[in-house]
1. What's the number of the condition Pro101 fails, among (1) more than 23 Å from Glu232 (Cα to Cα); (2) part of a helix (DSSP H, G or I)?
2. In this structure, does Ile196 turn out to be free of Cβ contacts under 8 Å to residues at least 60 places away in the same chain, surrounded by 23 or more Cβ atoms within 10 Å (Cβ to Cβ), under 20 Å from Pro101 (Cα atoms) and not assigned by TED's automatic domain parsing to the domain that holds Ser525?
3. Which count do you get for residues in the stretch 158-198 that are under 25 Å from the mean Cα position of the chain (by Cα) and among the hydroxyl-bearing types (Ser, Thr, Tyr)?
4. Any residue at all in the stretch 377-388 that is surrounded by fewer than 18 Cβ atoms within 10 Å (Cβ to Cβ) and either of a type in the set (Val, Ile, Thr) or over 29 Å from Ala313 (Cα atoms) (or both)?
5. Could you list all residues from the stretch 42-76 that are free of Cβ contacts under 8 Å to residues at least 24 places away in the same chain and among the charged types (D, E, K, R)?
6. Going by the conditions given, is Lys431 more than 23 Å from the chain's Cα centre (by Cα) and farther than 17 Å from Val407 by Cα?
7. In the stretch 527-556, which residue that is modelled with pLDDT of 95 or more and of a type in the set (D, E, K, R) is surrounded by the most Cβ atoms within 10 Å (Cβ to Cβ)?
8. May I ask you to list the residues in the stretch 396-428 that are assigned to a loop (DSSP other than H, G, I, E, B) and within 19 Å of the chain's Cα centre (by Cα)?
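The values are calculated or read from the model by the stated rules, or taken from the named source; none is laboratory data. Every value quoted in this text rests on a predicted model; they were computed, and no experiment measured them. Note that each Cβ is placed from the backbone with ideal geometry, even for glycine, and that neighbours are counted across all protein chains shown.
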Amino acid sequence: MYVQVVVLTYQSPDIDSYTYEIPKNLNVKIGQLVSIPFGKRNPQGIIVGFQNQIDPKIKTKPIASIILDQPILLAYQIDLLKWMSSYYLAPMANCLDAMLPKLPNAKTLMTNAKKFQGVSRSSLVVSQTLVLVPNIDRIPETLANFPQAKNYVLYHNQLKASEKFAAWQKIMSGQCDFIFGSRSAIFAPNPNLKKICIYDEHDSAYKDERSPYFDTLTIAEKISELTKAKIEIIDSSPRITTFTNHGKDITFSVIASVAKQSQKQIAAGSSSPRNDKADLPQTKTIDMTNEKVYGNYSPISQTLEEILKRAAAKKLSTLLFLNKKSESGSIYCKSCKAQTVVQKQIAACPNCGSPDVYFNLVNINSLSAQVKKILPGAAIDIETAAAFYKLLPKKYDVAVHIKTDSVLNFPDFASSEKLYAQITNLKKLAKKLVILQTYNPDHPAIKWAIDGNYLQFYKEELSQRKTFSYPPFSLLVKIVVAGTEEKAQEIFDNLDPELSALGPIKDEGNSKYNIILKIKLSDYSLSTRTKTLDKVRVILPHQKDVRIIVEPDSII
């Protein structure tokens, strides 16, 4: 008999598992952690399958030893591992690395294993609930929503290796009823999983930035398929694809309080029931169109300057929000009046070619200097998105989005939904007033976010996605090419002509080029996406210095 082992060390990305003999004196099981001879070393590996026969020409070696008798992966996790590797077109070793906690030394492994062996079956819980949050600072407030969680475990990447593996083994032993954690907790080994709750699923923290570049909801969908666990999403601004697939599973949280409605009701134009308007901050826009016409090139409009002065006089707490810290800015063309975000200062307008452009750099430091100039001594906080994730988020009387259009001007298919979510998050921090400085006050994302009407936003955004064949009407695959533009162009030119492709698009700040594939779908179900990837896998480029990202968070 032989076993297939995924080796937990650097190896050729072309090989998912290696074949080893089973010594007669060893009782091996699927999911066990073993030591195996690999070159001149004896690294660890996970047994993922049995094999009765092999080609006699293949030379094999026996497993060196079993490190832990008890498997550290459950049966459904082995299936998940194999599916992940196929779906994300990633080496199985990378997928296993994303799934497993960092394993502590052998002594700690054995100590933890003994602690959870021989547990009385009467002490095992019959139902486990997994609760995910985008940031571990959100765990305390989320715990308060589950008073029934008497025997819970915390699982996240800030734990020490020994602590995380101890949590892993306690979860696997079935001795806890609730698991609270961040993205990595989706892989916790729950033998009695009944529900997966995901808070603020729209957050980009749920998309892994390393191979296999997994999307947490997609993983949850596969786990649900394997275990029959129910998915519940608690969100105030779901992604368009999430609402398409899981409208009935979504509980809308504060601000955009929407009752569970069927897709038929949405199609019929049902409006969103909202919270009492008296409990919400007033939201107003400031049209920035005339500011530069009148010679004001400051990020603070004349109207906002007056509001800030009045707020300071009344000693109101004020937040000025910036989309990000980066040094990118915006250019304004005095000839054609175009405005767009750029990564660095440019000499001419990309729209009309006029050299008569004004480059406006806005970051934390430049905005702070401008505020001190207008209101010396005023206590005004200037924050990025970090304001949304603090352990105890501060509430402000006035919250201002300084550059609302910085999200819309980003050339990405998901810009509108990201702006809708951003405005909604800002409203949660404001007690009295939210101000949005924008050149596009009538943009649907702004209009419906102000109104808290997610369903109307969803309908309009879905129509746009259909026109341009973006998710949920297509599956996106990003091909990232490291090297020259010529290399990227060659890969682009050699793609199957039946594939709809964009690019190559230079990734600003480094020598990489993105090629975006839009593969049309009949629906956005997991089964359809999986079948689609099975068909196109063989025609995708598999070269050194080429990365493939399925369901990218952005096309840039």
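1. (2)
2. no
3. Residues meeting the conditions: 2.
4. Taking every residue of the stretch 377-388 in turn, at least one turns out to be surrounded by fewer than 18 Cβ atoms within 10 Å (Cβ to Cβ) and either of a type in the set (Val, Ile, Thr) or over 29 Å from Ala313 (Cα atoms) (or both).
5. Within the stretch 42-76, Asp55, Lys57, Lys59 meet the criteria.
6. Yes; evaluated as a whole, the condition is true for this residue.
7. Among those residues, the one meeting the criterion is Arg529.
8. Answer for the stretch 396-428, where residues must be assigned to a loop (DSSP other than H, G, I, E, B) and within 19 Å of the chain's Cα centre (by Cα): Phe410, Pro411, Asp412, Phe413, Ala414.
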